[in-house]
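Structure record follows, encoded as structure tokens.
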Amino acid sequence: MNPKDFRALSAGKVIRTPTGYTAFVPAKLPPTLTYDNQLVLSLSRADAALSELSGLGRHLANPHLLIAPYVRREAVLSSRIEGTKASLSDLFIDEMEQPKQRTEDDDVQEVRNYVAAMEHGLERLHKLPLSLRLVREIHARLMKGARGDHATPGEFRRSQNWIGPSGSTIETAPYVPPPPEYLDDLLGDWERFLHERNAFPDLIQCAIMHEQFEAIHPFLNGNGRLGRLLITLFLIERGRLPQPLLYLSAYIEAHRQDYYDLLQRVRTHGDWMGWLRFFIAGVTEIALEAVGQAGRMMDLREKFRARLRDKAKALALLDELFLNPYMSVSRAEQVLKVSNPTARQAVTLLQRKGMLKEITGRTWGKLYLAKPIMETIELKGKGK
């Protein structure tokens, strides 16, 4: 880490440790901000988009049909930012299996852990505030069984980490977070800021919270995924979203270098405005996209339901396809709690109505996909 890159005294301080390396200790929160007209206008638009999405979430007859697949899409995208290769199809197919038959592929397990971590966080928010305790609990689920020697699930780090391209050392990495002896003080300050109400607009506070968490980098691994997960949990806790319908990982992945560069500029130049503009633009774009996506999913469901009319078992199976668009006869048996021939009839009906397509070409162990549903979840064919 080059100390000369860190020019803004207001952002924090560069220290040299007893072992000779340099690290950065971010300044306590909150930062001093000056809002310009453009930021105020952008914030107003983001609030409007978020309110539209929130209103939609409150009026959905069955929000779980949207939430479950989009939690999984976020899990895949957020993990992909960190280099995980598992696809959404990999996750959906894996989730069809019985627990003992699921893949041992590390990438799929990491994505599966993300889903479990998000679901745990959502459940615990009913009893706990967003806090360091909850952060550790979520991290424990996120890193359960994770590969490598640096997972330490649920434990704040007791050794130094650094952030940089593959192959970076503590000397060459662009950023070295604060040494472990600084964590208690910095995390206590972060938690106090997290609990402040009415000092900042919610989206501004959320953006600051995320940046400071990434600057502290309190765990040896999983900081990026957990930091992005906290954005959604923060907005739910503040009542800005009734359900987990907003995820920024698609936006961050599309602008990955800008994301990393702007986080770093907060530390090197104290450029909070650049980061806030990026974050607020992302909320606006993704919230409006989510509104359109929800509408397309609900329209597709109604169109498919109209084709089935009063076929009760096929209708029940249809709703399962909106949770996971992959289907097999054995899964249909489990979902419907019926015999194999009855399950096969329901699958065949959905296939005949154009909702399912067999994708293996096998005569046994057939696997079916509701391609229109999968494409809508993945945002393919947007606007059609």
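Key figures for this structure:
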quantity: Selection count, segment 1-16, where residues are assigned to a loop (DSSP other than H, G, I, E, B) and closer than 16 Å to THR172 by Cβ; calculated: 3
quantity: Hey, PRO341 part of a helix (DSSP H, G or I) and either of a type in the set (D, E, K, R) or surrounded by 16 or more Cβ atoms within 10 Å (Cβ to Cβ) (or both) or not; calculated: no
quantity: Candidates ALA23, ALA27, ALA11, ALA46, filtered to the one that is small (Gly, Ala, Ser) and within 18 Å of ALA287 (Cα to Cα); calculated: ALA46
quantity: Segment 201-250: number of residues that are touching a Gly at 6+ places or on another chain (Cβ under 6 Å) and under 14 Å from LEU142 (Cβ atoms); calculated: 2
quantity: ILE252 being more than 26 Å from GLU155 (Cα to Cα) and surrounded by 19 or more Cβ atoms within 10 Å (Cβ to Cβ); calculated: yes
quantity: Residue list for segment 255-270, restricted to those being touching a residue at least 12 places away in the same chain (Cβ under 8 Å) and either over 22 Å from the mean Cα position of the chain (by Cα) or assigned to a helix (DSSP H, G or I) (or both); calculated: ARG256, ASP258, TYR259, LEU262, LEU263, GLN264, VAL266, ARG267, THR268, HIS269, GLY270
quantity: Single residue of segment 302-323 satisfying the filter (crowded, with 17+ Cβ neighbours inside 10 Å and under 25 Å from the mean Cα position of the chain (by Cα)) that is nearest to VAL71 (Cα to Cα); calculated: LEU323
quantity: Breaking point among (1) farther than 22 Å from GLU95 by Cα; (2) surrounded by fewer than 20 Cβ atoms within 10 Å (Cβ to Cβ); (3) of a type outside the set (D, E, K, R), for GLN334; calculated: (1)
quantity: Residues of segment 57-90 classified as at pLDDT below 85 and assigned to a helix (DSSP H, G or I), total; calculated: 6
quantity: Which numbered condition ASP90 fails, given (1) surrounded by 14 or more Cβ atoms within 10 Å (Cβ to Cβ); (2) over 27 Å from ALA254 (Cα atoms); calculated: (2)
quantity: Matching residues, segment 284-326, being touching a residue at least 60 places away in the same chain (Cβ under 8 Å) and not in a helix (DSSP H, G or I); calculated: ASN324, PRO325, TYR326
quantity: Residues that are surrounded by fewer than 14 Cβ atoms within 10 Å (Cβ to Cβ) and over 17 Å from ILE93 (Cα atoms), drawn from segment 349-363; calculated: ARG352, GLY354, THR363
quantity: Among (1) in a loop (DSSP other than H, G, I, E, B); (2) in contact with a helix residue (DSSP H, G or I) (Cβ under 8 Å, 6 or more places away or on another chain); (3) touching a residue at least 60 places away in the same chain (Cβ under 8 Å) - the single one THR152 does not satisfy; calculated: (2)
quantity: Condition broken by GLY188, with the remaining ones in (1) over 22 Å from the mean Cα position of the chain (by Cα); (2) surrounded by 15 or more Cβ atoms within 10 Å (Cβ to Cβ); (3) assigned to a helix (DSSP H, G or I) satisfied; calculated: (2)
quantity: Test: residue in segment 30-45 that is closer than 30 Å to GLU171 by Cα and basic (Lys, Arg); calculated: no
quantity: Contacts under 6 angstrom Cβ, first residue in segment 51-68 being closer than 25 Å to PRO201 by Cβ, partner part of a helix (DSSP H, G or I), 6 or more apart; calculated: GLU52/VAL291; LEU53/ALA287; LEU53/ALA290; LEU53/VAL291; LEU56/VAL291; LEU56/ALA294
quantity: One residue from ARG305, ARG296 being at pLDDT below 95, touching a Gly at 6+ places or on another chain (Cβ under 9 Å) and of a type in the set (D, E, K, R); calculated: ARG296
quantity: Contacts under 7 angstrom Cβ, first residue in segment 215-237 being closer than 15 Å to SER159 by Cα, partner of a type in the set (Lys, Arg), 6 or more apart; calculated: PRO218/ARG157; PHE219/ARG157; LEU220/ARG157
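Here is a yes/no grid of residues against (1) surrounded by 19 or more Cβ atoms within 10 Å (Cβ to Cβ); (2) small (Gly, Ala, Ser); (3) touching a Phe, Trp or Tyr at 6+ places or on another chain (Cβ under 7 Å):
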site	(1), (2), (3)
ALA11	yes, yes, no
ALA27	yes, yes, no
ASP36	no, no, no
LEU43	yes, no, no
ALA46	yes, yes, no
ALA68	no, yes, no
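To keep it simple, each residue is scored yes or no on (1) part of a helix (DSSP H, G or I); (2) surrounded by fewer than 22 Cβ atoms within 10 Å (Cβ to Cβ).
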residue	(1), (2)
PHE156	no, yes
GLU181	yes, yes
ARG197	no, yes
LEU226	yes, no
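The values are calculated or read from the model by the stated rules, or taken from the named source; none is laboratory data. Everything numeric here is computed off the predicted structure, so don't read it as measured data. Note: ideal-geometry Cβ built from the backbone for every residue, glycine included; neighbour counts use all protein chains shown.
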